[in-house]
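A short reminder: the numbers here are calculations on the coordinates, not readings from a lab. Small disclaimer: the values here were computed from a predicted structure and weren't measured. Don't worry about glycine lacking a Cβ; one is built from the backbone with ideal geometry, like all the others, and counts go over all protein chains shown.
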Amino acid sequence: MKKNCKIVQLYDLRIDGLAPTMMSRLAPGIVTGSAAPTFSWKINCGIQRACRIIVASTPEQLQTAPDLWDSFWIRTRDSLAIRYEGKRLHSCNHLFFKVFVEMEDGETAESEIGEFTVGLLSSSDWTAKWITADGFEHIAPAPAPYFRRCFEVRLGMKQALLFSSARGLLELTLNGKRIDEHDFLPGWSHFPREIQYTAYDVTGFIRPG
């Protein structure tokens, strides 16, 4: 199969099906709830012969000596859901990664540096308590309760993560901006057995003060 392009490029990188933040452009960060996330990508042309994935705790280590995972070259045409097999990941780890591919004609290409965060992996990581409105009656069409809290952010903050859940539906705003445009979060489940949660990297929503 001949290539119909001059330069091989990787695009649409995914971590557990989610689009990660790429360091070349500003975008909301993603949080995965898996201790062994999967990596996926697409190639604009040609046939992949092998791939290599590296993961590190800093961009500098990623470029010199990846401290968490170096898959080395894997001979495969697969580019979907390649499982992480590196060192153990922990809750709230912020990670950087890069994907390399080798094509059947020997040409190689690499992705931009991407980044993502690991969510809360254990129930013991949850330290927040449920909040509710005093005297609120769950009878439609009563308006939903509104909760607000102010907090101070000091200079030097590097990253801010927000984990939220509800026995029902919720809508989150931070500094007057809605965090997620999706409705019906965090999703329905059988509450006595399981309650889902959503996770966000909200660093870009916060300002010192």
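Applying 1/(1 + (r/R0)^6) with r as the Cβ-Cβ distance of E85 and N175 and R0 = 35 angstrom yields a FRET efficiency of 0.35. By DSSP, what percent of the beta bridges with both residues in the chain are antiparallel, rounded to the nearest 5? Rounded to the nearest five, the antiparallel share is 95 percent.
Computed from point charges on the beta carbon alone (+1 for Lys and Arg, -1 for Asp and Glu), the dipole magnitude for the chain about its Cα centre is near 120 Debye. A Cβ-based charge dipole, computed about the Cα centre of region 10-118 with Lys and Arg at +1 and Asp and Glu at -1, lands at about 280 debye. Each peptide in 144-156, 31-43 was scored by the mean count of other Cβ atoms within 10 Å over its residues; highest first, the order is 31-43, 144-156.
Measuring between alpha carbons in the structure, the pairs from K6/K87; K98/K177; K87/K129; K87/K177; K98/K158 lying more than 29 angstrom apart are K6/K87; K98/K177; K87/K129; K87/K177.
Modelled this way, with points 7 Å down the Cα-to-C-beta line, the labels at R193 and T108 are 4.9 nm from one another. A simple rule links phi to the HN-Hα coupling: the Karplus curve 6.51 cos²θ - 1.76 cosθ + 1.60 with θ = phi - 60°, which for region 98-108 gives 8, 10, 10, 9, 10, 8, 4, 8, x, 5, 10 Hz, with x for Gly and Pro.
Paramagnetic label reach from I47 (point 7 Å along Cα→Cβ; backbone nitrogen cut-off under 18 Å): within region 63-82, residues 74-80. Cβ-Cβ distance of A133 and R207, R₀ of 22 Å, FRET efficiency by 1/(1 + (r/R0)^6): the value works out to about 0.20.
Farthest towards the positive end of the charge dipole of region 10-118, among the residues G86, I47, A65, is the Cα of G86, using unit charges on the Cβ of Lys, Arg, Asp and Glu. For the pair F184 and A142 in one chain, pulling the backbone fully straight at 0.36 nm per residue adds 13.4 nm over the alpha carbon distance.
When the Kirkwood radius is taken over all Cα pairs of the chain, what Stokes-Einstein diffusion coefficient follows at 37 °C and 0.692 mPa s, in µm²/s? It comes out at roughly 167 µm²/s. The distance from the alpha carbon centre of region 87-131 to that of region 139-209 is 22 Å, rounded to a whole number. Label positions at R77 and S164, each projected 7 Å from the Cα along the C-beta direction, are separated by 4.5 nm. Tell me whether region 22-133 comes out rounded, prolate or oblate; compute the Cα gyration tensor, take square roots of the eigenvalues as a ≥ b ≥ c, and use a/c under 1.5 as the rounded threshold. The shape class here is prolate. Seen from all directions on average, region 128-209 presents a Cα convex hull projection of 6.8 nm².
Estimated from helical segments only, the mean residue ellipticity of the chain at 222 nm is -500 deg cm²/dmol, where each DSSP H run of four or more residues counts as -39500 (n - 2.57).
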